[in-house]
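K.L.:
Take a look at this one; I'll ask things after.
We did not get these values from a lab; they are worked out from the coordinates using the rules stated. Since this is a predicted model, take the numbers as computed values, not measurements. Glycine also receives a Cβ, built like all others from the backbone with ideal geometry; neighbour counts cover every protein chain displayed.
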């Protein structure tokens with residue numbers, strides 16, 4: 001997952017980020033400014049005050065500037081300024097270990113949101129932008145995208161509706177931030193006896209704190225949640241863990257989500273649309289909600305029967321395990337991961353935990369980067385650097401042929417209190433070749449220190465794919481850099497790389513970066529490859545539910561997040577568990593993926609088509625460099641369908657996707 005792409009109109013993207021003055025760079029020299037340390041809340045406040053003052057001065061100067069051949073570059077200079085003085089604040093509120101700093105960053109982010117929504121309605125800049133001289137197709141696409149951002153911000157609305165649009169945008173950002181804060185700062189904990197954790201690797205819980213009764217206390221972060229759900233023999237233990245995770249955010253977030261969706265519907269009506277879905281999709285690959293729903297219906301047609309067959313397998317295994325009659329055995333939601341793993345072990349001899357000794361976290365990161373080095377002609381070099389936490393790492397990305405520094409990447413590998421608890425990449429700075437500006441990305445995950453499962457290596461490659469999209473961008477304008485692409489394409493470059501973990505030749509690269517690491521036995525790879533399609537019905541069924549719920553919710557005149565979820569989840573094979581409130585933790589749709597979650601499946605269609613260029617050789621350097629130049633390097637300088645056509649030499653199609661679904 002990645003946060004929504006950013007533009008000069010930060011409020012429209014539901015991501016407001018910020019920065020202070022850069023600190024001294026480590027050696028070897030970073031190719032761009034370093035991330036600020038934010039030592040105290042006062043640092044955030046001072047930087048926020050100075051940054052906003054400078055931003056307003058630059059807007060005023062741009063309004064006065066003569067319209068000439070350099071106006072577009074001057075306008076993009078504002079994006080550069082916002083990246084350097086705005087973007088890191090929202091990022092810091094997701095990762096900084098000091099709650100006071102996180103709270104100060106959230107307050108600053110709301111001030112930047114107010115600035116951004118005002119900028120999006122600046123009529124002077126909008127009028128000048130539309131008549132600014134355009135030298136070529138890159139300039140023309142830049143003007144088209146920037147004009148669309150102004151228009152989506154309400155610049156062309158009548159004055160009363162324009163004012164209401166700004167109030168809505170400002171409130172939406174505040175609500176989204178509060179939604180995520182309620183999850184991030186909840187500190188949810190679950191207590192277990194040691195007997196209840198039978199089947200869970202001791203490395204997961206052995207050093208965990210104990211409560212007054214001597215029970216093991218675990219959080220719901222993924223390094224704790226996933227092993228308990230997959231391994232705990234105790235159904236009661238799995239149930240408590242599942243309920244705690246599923247109810248993250250609680251009733252307050254249900255109210256926030258209802259308000260968010262209500263405001264989005266009102267916003268769409270200001271523009272003459274009767275729902276937010278069609279308003280939101282009109283500039284994306286899908287174009288409208290009807291097209292997105294037809295796509296989802298096609299997926300469902302392939303997946304439904306498979307999901308039901310898989311459920312019957314789980315039911316039979318649970319009945320054997322517990323010694324109960326199959327007809328009287330019910331598979332609960334907290335059973336599915338556990339019995340899914342049992343079935344895989346029985347049918348394919350695959351145990352995800354068995355992969356951990358082969359994939360130490362640091363070596364796994366080096367392995368993932370080596371894949372990119374071989375494929376795309378770059379080099380990663382770690383440098384000493386002081387960042388927001390002592391365990392965060394910094395890498396300089398250089399062109400392998402010339403040695404020219406291209407970008408920098410920050411990596412935050414392990415869970416901690418108050419940190420964003422999923423996996424994501426933040427595009428902190430975009431490329432701008434017109435001024436020699438290099439990009440920067442932050443990769444944030446929460447891995448087990450004892451090693452990664454193969455699934456987690458796949459997650460690492462997915463997120464690194466987002467970082468690579470940012471880092472290998474080579475665009476004229478910062479506003480068009482990297483992941484600023486159409487939102488239903490943005491997951492494709494990351495999803496494409498997930499497939500690489502199942503290639504034996506690729507896996508042997510681990511020995512290049514970690515000679516002491518034991519190579520994964522070929523037999524384990526074969527077993528994982530045979531098992532990878534098992535459970536696909538349930539996985540895609542769940543993704544289909546998420547996407548369909550998102551679209552349905554954003555079509556409701558009076559949104560009722562939980563009743564709608566209960567009805568839709570209740571119609572699935574595993575049903576709905578009364579009293580649970582999954583939407584309270586569905587942060588994707590509270591933020592930048594609202595009325596757009598279908599994009600994960602849509603992007604996967606494109607990703608699987610992109611993979612066809614590497615079918616013969618996953619490490620084909622020629623194909624990799626062509627991909628780097630024609631897709632990643634172009635950012636949003638061309639519409640996404642053109643990027644795919646330029647790379648594949650044909651129009652994209654869904655053949656690979658639907659063939660994979662049937663396997």
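K.L.:
What number, in percent, do you get for the relative contact order of the chain if the mean sequence gap of Cα pairs under 8 Å and at least 6 apart is divided by its residue count? Intermediate values should be presented prior to the final figure.
P.N.:
Values: 1178 pairs, mean separation 114.2, N = 663.
Reported as a whole number, the value is 17 percent.
K.L.:
Using alpha-carbon pairs under 8 Å, 6+ residues apart, how would you state the relative contact order of the range 541-663 in percent? Write out the running numbers ahead of the final one.
P.N.:
On the way: 83 pairs, mean separation 28.3, N = 123.
With pairs under 8 Å counted, the relative contact order is 23 percent.
K.L.:
Taking only Cα atoms of the chain, what ratio of Rg to Rh do you get with Rh as the Kirkwood inverse-distance radius?
P.N.:
Working: Rg = 24.3 Å, Rh = 25.7 Å.
My calculation of the ratio gives 0.95.
K.L.:
Would you mind computing the Rg to Rh ratio of the range 437-572 from its alpha-carbon coordinates, Kirkwood style for Rh? Could the numbers behind the result be given before it?
P.N.:
Working: Rg = 19.5 Å, Rh = 18.4 Å.
The Rg/Rh ratio comes out at 1.06.
K.L.:
Using only Cα atoms and rounding to the nearest 10 degrees, what angle (0 to 90) does helix 599-611 make with the longest principal axis of the chain?
P.N.:
Here the helix axis deviates by roughly 90 degrees.
K.L.:
Subtract the Cα-Cα distance of residue 147 and residue 422 from 0.36 nm times their separation in residues, and report this length gain in nm to one decimal.
P.N.:
On the way: separation 275, 0.36 × 275 = 99.00 nm, distance 3.36 nm.
Going from the current span to full extension adds 95.6 nm.
K.L.:
What nm distance separates the two modelled labels at residue 255 and residue 110, each placed 7 Å from Cα along Cα→Cβ?
P.N.:
Here the modelled spin labels are 1.6 nm apart.
K.L.:
So if R0 is 30 Å, what FRET efficiency would residue 529 and residue 625 give, r being the distance between their Cβ atoms, rounded to the nearest 0.05?
P.N.:
Numbers: r = 27 Å, r/R0 = 0.91.
Efficiency for this residue pair is about 0.65.
K.L.:
Let me ask you something else. Using a basic spin-label model with each label point 7 Å from the Cα along Cα→Cβ, how many nm lie between residue 305 and residue 557?
P.N.:
Using points 7 Å along Cα→Cβ, the separation is 3.9 nm.
K.L.:
Still on this structure, please answer the following. Tell me whether the range 196-328 comes out rounded, prolate or oblate; compute the Cα gyration tensor, take square roots of the eigenvalues as a ≥ b ≥ c, and use a/c under 1.5 as the rounded threshold. Each step should come with its number before you reach the end.
P.N.:
Details: a/c = 3.17, a/b = 1.61, b/c = 1.97.
Taking the square roots of the gyration eigenvalues as a ≥ b ≥ c, the range 196-328 is oblate.
K.L.:
Find how many whole Å separate the alpha carbon centroid of the range 56-134 from the alpha carbon centroid of the range 582-600.
P.N.:
25 Å
K.L.:
Let me ask another. For the ranges 335-345, 474-484, 220-230, 39-49, what's the packing order if you count other beta-carbon atoms within 10 Å of each residue, average per peptide, and put the highest first?
P.N.:
On the way: 335-345: 20.9, 474-484: 27.6, 220-230: 22.5, 39-49: 17.1.
Top of the packing list down: 474-484, 220-230, 335-345, 39-49.
K.L.:
Right, another one. Highest mean first, how do 68-74, 81-87 rank when packing is the count of other Cβ atoms within 10 Å averaged over residues?
P.N.:
Working: 68-74: 15.6, 81-87: 25.4.
The packing order, highest mean first, is 81-87, 68-74.
K.L.:
In nm, give the distance between the simple-model label positions of residue 615 and residue 522, each being 7 Å from the Cα along the Cα-to-Cβ direction.
P.N.:
It is 2.4 nm.
K.L.:
Can you tell me the orientation of helix 621-630 relative to the chain, as the angle in degrees between its alpha-carbon axis and the longest Cα principal axis, to the nearest 10?
P.N.:
Here the helix axis deviates by roughly 40 degrees.
K.L.:
Right, next: Quick one: grab the alpha carbon gyration tensor of the range 10-184, order the square roots of its eigenvalues as a ≥ b ≥ c, and give me rounded if a/c is under 1.5, else prolate or oblate depending on whether a/b is larger than b/c.
P.N.:
Numbers: a/c = 2.23, a/b = 1.34, b/c = 1.67.
Since a/c reaches 1.5 but b/c is at least a/b, the shape of the range 10-184 is classed as oblate.
K.L.:
Taking the Cα of residue 274, stepping 7 Å toward and past its beta carbon, and measuring to each backbone N in the range 122-161: which are under 11 Å?
P.N.:
None, by backbone N distance to the label point.
K.L.:
Same structure, new question: I'd like the orientation of helix 536-553 relative to the chain: the angle between its Cα long axis and the longest Cα principal axis, in ° from 0 to 90, rounded to 10.
P.N.:
Approximately 40 degrees, to the nearest ten.
K.L.:
Subtracting the Cα-Cα distance from 0.36 nm times the residue separation, let me have the gained length for residue 212 to residue 512 in nm, one decimal.
P.N.:
On the way: separation 300, 0.36 × 300 = 108.00 nm, distance 4.73 nm.
Result for the pair: 103.3 nm of gain on full extension.
K.L.:
In addition: Relative contact order of the range 10-184, please, whole-number percent, based on alpha carbon pairs below 8 angstrom and at least 6 residues apart.
P.N.:
Working: 211 pairs, mean separation 52.4, N = 175.
Relative CO of the range 10-184 lands at 30 percent.
K.L.:
Next up: Fully extended, how many nm does the chain gain between residue 194 and residue 290 (0.36 nm per residue separation, minus their Cα-Cα distance)?
P.N.:
Details: separation 96, 0.36 × 96 = 34.56 nm, distance 5.10 nm.
So the chain would gain 29.5 nm between residue 194 and residue 290.
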